[in-house]
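See structure below.
Each reported figure results from applying straightforward, stated rules to the coordinates on display, with no laboratory input. Not measured: the values here are computed from a predicted model. As a convention, Cβ positions derive from the backbone with ideal geometry for all residues, glycine included, and neighbour counts pool all protein chains shown.
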Amino acid sequence: MKVLAILYNGFKAAKAEPRLLGTVENELGLRAYLESQGHEYIVTSSKEGPDSDFQKHIADTDILITTPFHPGYLTKELMAKAKNLKVCVTAGVGSDHVDLNAAVDRKIQVLEVSGSNVVSVAEQVMMSILLLVRNFVPAHEQAISGQWQVSDIARNAFDLEGKVVGTLGAGRIGHRVLQRLVPFNTKELLYYDYKALPEEAEKAVGARRVEDLKEFVSQCDVVTVNAPLHEGTQGLINKDLLQHFKPGAWLVNTARGAICNADDVAAAVKSGQLRGYAGDVWNVQPAPADHPWRSMRNPLGGGNGMTPHYSGTTLDAQQRYAEGTKQILQNYFENKPQDPGNVIVGVGKYESASYGQR
Ligand code: NAP
């Protein structure tokens, strides 16, 4: 079979660090395995436009491996050209870069390595909340640029203790974020999700479910987004919803960039309506140099905690999602059942409640 992987370039770093498995250079560690089984393995980062390797090879690829960090956008149109395609594997979590409805129609399976990087992201959420609330970035900028003006930082620095923190989405990541927030003695922990957490889990973190989204955001000092990107979450955080946030709230989004309207969020940060926004996910990746989230700042010169998409691709996470990808391929080749938690689209139907019509 022909297996095509769209990964990001690691260049010198990947040559020096073999644990950067998710790179073009290190090929998810799959080459020896795939070739020993007689498969052809093509790995590339070239993914945009009709002359890209992605578009060239997709025509006769049987298995496509992509990653959310450098997403190969598998549109309905591209899928129509992919005559042999049977399986898409996401090396990581979040398969919104694949047109899932089209995959259902064309009976192309979509699997991901569920849980592989959820701790990595939950830790990034904690870091992002703290760096916004404590106004870390401008303080660090002072330190490395030779300045020293404590009042300029302290005038917009707060404690997390005593604040209300809420997660939009209380699945694997959202729940882990709630667990990690417990020792911070917040005033209250809230969550908004389609379904309630199991009673025990809810009790253990002491979180309260709020069933109305506007009510939920209006009660939070900090909102963290931990839901997948789908028809129901695309552009969910926009000008209208932002009006219901507490004035000066902080927003952290490590889920998917397109859950937020980029211009509306940037405007809210610039006006101070949001005190800050942090995350690692962008509506297009790589993000263009002039993306408004690169340069936005609040009126006091802080409030921007953006990074490139890396929270779920720590070296620890890469090991887990590379192993998980191999396991999915092995199961497929050997006709063994897949871990049900990994199946987003089965043959001709959604297998995960997270995507598709609800
Ligand atoms: P998960 O276990 O499936 O949890 C997602 C939760 O969000 C589920 O409880 C889901 O409910 C809920 N949800 C879905 N739509 C919602 C909505 N409109 N409002 C409120 N809740 C909603 O997924 P996870 O492992 O926690 O991952 C969450 C997302 O994080 C992924 O889909 C991915 O986009 C992102 N992620 C980012 C990175 C990174 O590197 N930045 C890495 C991993 C994951 P149901 O189960 O009822 O659908």
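Rounded to two decimals, what ratio of Rg to Rh does the range 54-182 give with C-alpha atoms and a Kirkwood Rh? My calculation of the ratio gives 1.18.
Taking Cβ atoms as reference points and 11 Å as the exclusive limit, the residues near I173 contribute a net charge of +2, counting Lys and Arg as +1 and Asp and Glu as -1. A Förster radius of 51 Å combined with the Cβ-Cβ distance from T75 to N185 puts the calculated FRET efficiency at roughly 0.60.
May I ask which of K81/K336; K2/K86; K107/K336; K47/K336 have a Cα-Cα span longer than 22 Å here? Check vs 22 Å cut-off fails for K81/K336; K47/K336.
Extension gain Y194-A353, at 0.36 nm per residue separation less the Cα-Cα distance, in nm? 56.2 nm is the gain from fully extending Y194 to A353. Using equal-weight Cα scatterers in the Debye expression, the normalised intensity of the chain in log10 at q = 0.11 Å⁻¹ is -0.77. For the chain, adding -39500 (n - 2.57) for each run of n ≥ 4 DSSP H residues and dividing by the number of residues yields -9000 deg cm²/dmol at 222 nm. Mind pulling up the Rg/Rh value for the range 45-118? Radius of gyration and Kirkwood radius, both on Cα. Rg/Rh: 0.94.
Excluding same-chain neighbours fewer than eight residues apart, the lysines reachable from K203 by a Cα-Cα span under 28 Å are K163, K187, K195, K214, K246. Once the gyration tensor of the Cα atoms in the range 1-127 is diagonalised, the equivalent ellipsoid follows with semi-axes of 23, 19, 14 Å, ordered largest first. Eigen-decomposition of the gyration tensor built on the alpha-carbon atoms of the range 1-64 gives equivalent ellipsoid semi-axes of 20, 17, 6 angstrom, largest listed first. Cβ-to-Cβ counts within 10 Å put L30, L178, L4, L236 in ascending order as L236, L30, L4, L178, the fewest first. Applying 1/(1 + (r/R0)^6) with r as the Cβ-Cβ distance of A154 and D263 and R0 = 35 angstrom yields a FRET efficiency of 0.70.
Using a/c under 1.5 as the rounded threshold, could you call the range 225-277 rounded, prolate or oblate? The axes a ≥ b ≥ c are square roots of the C-alpha gyration tensor eigenvalues, and prolate needs a/b larger than b/c, oblate otherwise. Because a/c hits 1.5 or more and a/b exceeds b/c, the range 225-277 counts as prolate. Taking 7 Å steps out from each Cα toward its Cβ at Y33 and Q142 produces label points 5.0 nm apart.
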